[in-house]
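**Q** Quick one: this structure, given as C-alpha cells, is what I'll be asking you about.
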Amino acid sequence: MSKEKLCQSNDKLPQFLSFDFSKHQIYPEFQNNYPSLDDYYLALVNIIPHHFESYAIILHPIGYHQHEQYIEPKTNNRKSIFKAFGVLTNDDIKLDHADDLYRMEGELMENNCKISRLSKYNLLYLGECSDVQYNFIINTLKKLVNNDIYYYYELLKIICYSEYDYRNISELLFKGEILTHQEVQQYSKIFTQPSMLFDKSETWVIATNHDIPYTFIGGDKSFVEKFLNAEYDIYPIEPKYQWIKKID
C-alpha cells in the first residue's frame, strides 16, 4: 500500500461535526451543564446531534487492571459477560431492545462495584472498540461504500496517541481508502482509532470520543442494519434526547 492511499485533507467537516454546541442545549434541559456520559443515550447526543434516521451502539470490550497491568477479558461479548458477572438474562436473549440493554449494563456496573470492593481487580471499560470490532466495521463498510472516506481525529487522541506537535494542531482530517485498524494507524501515525469515519455524502457516520465506552453508527435504517451483530456487541439504539436551539 502506498502512502497516497491515506493523505491529510483540508476539506471542511460536515455539519453534524461542526455543530455549534454553544447555541443549543439538550432537551430536556438538565440541572447541570455536564451530564454524565455513563448514560449512552446522553453520550450519543453529545457526540452526534440528532441527524440520522437510525443508530447503533458498539459496546467496547471489558477487561481488568491488576497491579497497573491490563489483562484481556476472558469473555468476548455482552451475553457471556452478563452471565459471568451475575446479571440475569434468558438463554435466548437477543439484546435487541435498547432499554433492556441499558438496564443490564447498569446492573453489570453495580455488580462490578461489589466485586471490586472484595478483590484487587477493577473492571475497566476501554476507550476504544476492539481491533476485531473495528475491522468487522471496516469489512462491512467495504460492501456498502465504494468511494474514499474521511478519518477525523480530535485533539485528545492526537495528544495521547501520536507524536504530532499538538501546539500547532487542534484536529486532523485524513482522506483515503477504507483501511483496517493496523493500516490506518500505520499511515496516519496516530496509534489509536479515529474519532469519526464518514464520507462526502454525509449520509452515515461511525463516531466515538476520547475515553468513552461506546462507539456509535448513524445512517439510514438499511445502512445501520448491516452492522447489527451481537457477536461483536453492536445493537440498535433509539435516541432519547435531542438538541434544541437556545432562546436568548
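**Q** Taking just the alpha-carbon atoms of segment 175-248, what radius of gyration and Dmax come out, in angstrom?
**A** 15.0, 47
**Q** For the cross-link pairs Lys79/Lys200; Lys79/Lys221; Lys175/Lys246; Lys79/Lys143, which exceed 29 Å when the distance is taken from alpha carbon to alpha carbon?
**A** Lys79/Lys200; Lys175/Lys246
**Q** Further question: Estimate the FRET efficiency between His97 and Glu4 by the formula 1/(1 + (r/R0)^6), using the beta-carbon distance for r and 41 Å for R0, to the nearest 0.05.
**A** Computed FRET efficiency for His97 and Glu4: 0.35.
**Q** At 1.4 Å probe size, put Cys7, Cys129 in order of accessible surface, largest to smallest.
**A** Descending accessible area places them as Cys7, Cys129.
**Q** Would you please name the chymotrypsin sites (Phe, Trp or Tyr not before Pro) within segment 154-228 that are DSSP coil residues with at most 14 other C-beta atoms within 10 Å of their C-beta?
**A** Phe191
The values are calculated or read from the model by the stated rules, or taken from the named source; none is laboratory data. What you see is a predicted model, and the numbers here were worked out from it, not measured in a lab. Cβ atoms come from the backbone with ideal geometry, glycine included; neighbour counts cover every protein chain shown. Note: areas computed on protein heavy atoms with side chains; ligands, DNA, RNA excluded. Shrake-Rupley method; radii C 1.70, N 1.55, O 1.52, S 1.80 Å.
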